[in-house]
Amino acid sequence: MSETKSSNAMWGGRFADGPDAIMEAINASIGFDQRMARQDIEGSRAHAAMLAATGILTDSDAEVIREGLLTVLSEIEGGTFAFSTALEDIHMNVEARLKELVGEPAGRLHTGRSRNDQVATDFRLWVRDQLDAMDAGITALMKVFVAQAEAGPDMVMPGFTHLQTAQPVTWGHHMLAYVEMLGRDLSRVRDARARMNESPLGAAALAGTGFPIDRDMTADALGFDRPAANSLDAVADRDFALEFLSCCSICAMHLSRFAEELVIWSSAQFRFVTISDRFSTGSSIMPQKKNPDAAELLRAKIGRITGALMSLLMVMKGLPLTYSKDMQEDKEQVFDAADSMMLSLAAMTGMVADLRPNPEPLRAAAAAGFSTATDLADWLVREAGMPFREAHHVTGALVKMAEDKDCDLPDLTLADMQSVHEDITDDVYSVLTVEASVASRRSYGGTSPERVREQIARWKEVLG
């Protein structure tokens, strides 16, 4: 064997047969777009019914086609369908099998459409289904966060800035922060669904068709609000997929933030929460370890999902109108991101539902680090009439004194405090407990148990 032939065998691998094998492998999409089989058949059945209604196809041919498509779908769902790479994609695989089942009428199904508007329709239907699933997943997660909030509306915990104790807040308030985030995610999902709900079917290759089709009929049959108004854009548009990936990326970012908190909170150094054994693993060598693996994996999903968004943006960047084969690369990233997103939502819902906060460590941490210093400054403004900047300075001096004495603010004596400012009275101690601190934050959106309970009631009504 010559050196050249040996080299070809090494790099060629399964493409050693030559250019035909390489072209078939790079051109075929059936390995991944078979996931759109149901949407493809749903679109074809709607198209056949419209062709019959407009007189382009006979009723008998349309009926044979529609029934044959149901048979194809049952074979695919039953796992008996033989997919062919030579037939490239789901559309040609379905059509070829339909021809085997019903004969000549199968060839009339493609009248008045192209694979360009067919794939745009299938993909749009598939993404719409994922948006609906994401809507349900986010709603379920919001409900378990609300349940967590309801379990601890006056349970005190530290609020952080820069991951340092800032002011006391309540467990319920912290849980509701994620409900607000997820509420925005839900709004984005619903907004994206409303915007993408236009039918490309009937745009044909790019210019529309000369057949007297009824695009309103197929749009209505497929649950779209209207047909897309421009045939060029209908074929070329992938904004709906980009918006879906954007929604996924922002939502995954929110889940990653809470996952990070769970990793920190469940550590031996914090002990704020206990994560269910269902979402933890042990160490292969250290028997005392309980690792928050599910939270860590959720924390990582954002990279995979956002990577899909960046990938599709790069595919679409610079593509002239209308269709280019580059756009075949639009689906694998979306499919993968959808899988990751739905798994992440389900896993986070299970973790939050099972999560147990530990009140004692939470309260102890809330009281540490001079967390009621702002309450002291506010008291000096209200009761001693100081300008806030002066109150801030006096409070800073008292914090320094407490640090020097290795104690917390409530442990300073009245004499200690009055040595810094004579107008301080023993009433100041009424604001220096963490419970008093959170109870005082009654402004709308604040952390007081009173306000938290109001927000819990509001969200329970919204979510039903």
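The values are calculated or read from the model by the stated rules, or taken from the named source; none is laboratory data. Just so it is clear, the model here is predicted, and its values are computed rather than measured. All Cβ positions, glycine included, derive from the backbone under ideal geometry; neighbour counts span all protein chains shown. Note: areas computed on protein heavy atoms with side chains; ligands, DNA, RNA excluded. Shrake-Rupley method; radii C 1.70, N 1.55, O 1.52, S 1.80 Å.
Brief remarks on what is shown
- Residue in the range 135-145 that is in a strand (DSSP E or B), surrounded by fewer than 17 Cβ atoms within 10 Å (Cβ to Cβ) and not small (Gly, Ala, Ser) present: no
- Residue count, the range 159-204 (criterion: open to solvent by less than 30 Å² (accessible area, probe 1.4 Å) and over 27 Å from residue 376 (Cβ atoms)): 18
- Answer residue from the range 98-121, given it is open to solvent by less than 10 Å² (accessible area, probe 1.4 Å) and in contact with a Gly (Cβ under 6 Å, 6 or more places away or on another chain) and is nearest to residue 47 (Cα to Cα) among those: 121
- Screening the range 1-101 for helices (runs of 4 or more DSSP H) wholly inside it with 2 or more residues that are at pLDDT 95 or above, of a type in the set (Gly, Ala, Ser) and within 25 Å of residue 327 (Cα to Cα) returns the ranges 37-53.
- Members of the range 364-378 found to be at pLDDT 90 or above, surrounded by fewer than 19 Cβ atoms within 10 Å (Cβ to Cβ) and in contact with a strand residue (DSSP E or B) (Cβ under 8 Å, 6 or more places away or on another chain), listed by number: none
- Inter-residue pairs, beta-carbon under 7 Å, first more than 18 Å from residue 162 (Cβ to Cβ) and in the range 249-275, second among the polar types (S, T, N, Q) and assigned to a helix (DSSP H, G or I), 6+ apart: 249/306; 252/344; 255/344
- A single member of 211, 240, 258 is aromatic (Phe, Trp, Tyr), more than 30 Å from residue 353 (Cα to Cα) and surrounded by 17 or more Cβ atoms within 10 Å (Cβ to Cβ), and it is 240.
- Selection within the range 430-450: residues that are of a type outside the set (Lys, Arg) and over 28 Å from residue 413 (Cα atoms). The member of this set that is surrounded by the most Cβ atoms within 10 Å (Cβ to Cβ) is 447.
- Which listed residue, of 301, 325, is buried (at least 18 other Cβ atoms within 10 Å of the Cβ), in the same structural domain as residue 276 (by the TED database) and not β-branched (Val, Ile, Thr): 301
- Among the conditions (1) open to solvent by 70 Å² or more (accessible area, probe 1.4 Å); (2) under 30 Å from residue 377 (Cβ atoms), the only one that residue 156 does not satisfy is (1).
- Residue count for the range 379-389, restricted to those that are surrounded by fewer than 18 Cβ atoms within 10 Å (Cβ to Cβ) and touching a helix residue (DSSP H, G or I) at 6+ places or on another chain (Cβ under 8 Å): 5.
- Answer residue from the range 396-429, given it is polar (S, T, N, Q) and surrounded by 12 or more Cβ atoms within 10 Å (Cβ to Cβ) and is farthest from residue 450 (Cα to Cα) among those: 419
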